[in-house]
Amino acid sequence: KEFSIIMMDIDYFKNINDSYGHITGDKCLKNLVSIAKNTLRGDDILGRFGGDEFVIVMRGTDAVKAYLVAERFRKKVEMTNDPHFTVSIGIASYPSDADNAKKLIAVADEVLYISKEKGRNRVSYSGME
């Protein structure tokens, strides 16, 4: 069955940790998870991929729906104030973008870096670039 993954990380997270300390960095991570819990659907699965990188698995969701969810999530994160931070996001869908999990994650990661190259604080999908 079709599903999509959203891969994201906090923009300039290293700078946040270096400039404001790890307590502030941890607060960013906690705020991101809280926003995800309040924004995502009950069936969506949020996982930490490493450092400040997270993956959301969205069962039964095509790329267009995943993009809409990701954009709504990105806007909510952008509204954070204590501390303010943003996220860059990449989306990949099965089976249209890859036929196995390893390739799907690689595609989402590549597209995440497109978001970063285009200025950060954005959602990208390979089919829309």
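Quick notes on this one:
- Residues satisfying the stated conditions in segment 73-106, i.e. more than 11 Å from the chain's Cα centre (by Cα) and charged (D, E, K, R): Lys75, Lys76, Glu78, Asp82, Asp97, Asp99, Lys102, Lys103
- Residues that are modelled with pLDDT under 95 and of a type in the set (Asp, Glu) within segment 73-95 comprise just one, Asp82.
- Search result, residues across segment 72-96 that are touching a strand residue (DSSP E or B) at 6+ places or on another chain (Cβ under 9 Å), open to solvent by less than 40 Å² (accessible area, probe 1.4 Å) and not in a strand (DSSP E or B): Phe73, Arg74, Val77, Phe85, Thr86
- Restricting segment 6-49 to residues that are buried (at least 18 other Cβ atoms within 10 Å of the Cβ) and in a strand (DSSP E or B), the residue that is farthest from the chain's Cα centre (by Cα): Ile10
- Among residues of segment 6-32 that are on the phi > 0 side of the Ramachandran plot, none has a beta-carbon under 6 Å from a residue that is surrounded by 11 or more Cβ atoms within 10 Å (Cβ to Cβ) and part of a loop (DSSP other than H, G, I, E, B) at least six positions away or on a different chain.
The values are calculated or read from the model by the stated rules, or taken from the named source; none is laboratory data. Owing to the predicted nature of the structure, the values given are computational and were not obtained by experimental measurement. Backbone-built Cβ (ideal geometry, glycine too); neighbour counts: all protein chains shown. Note: accessible area is taken over every heavy atom of the protein model, side chains too, but ligands, DNA and RNA are not part of it. Shrake-Rupley method; radii C 1.70, N 1.55, O 1.52, S 1.80 Å.
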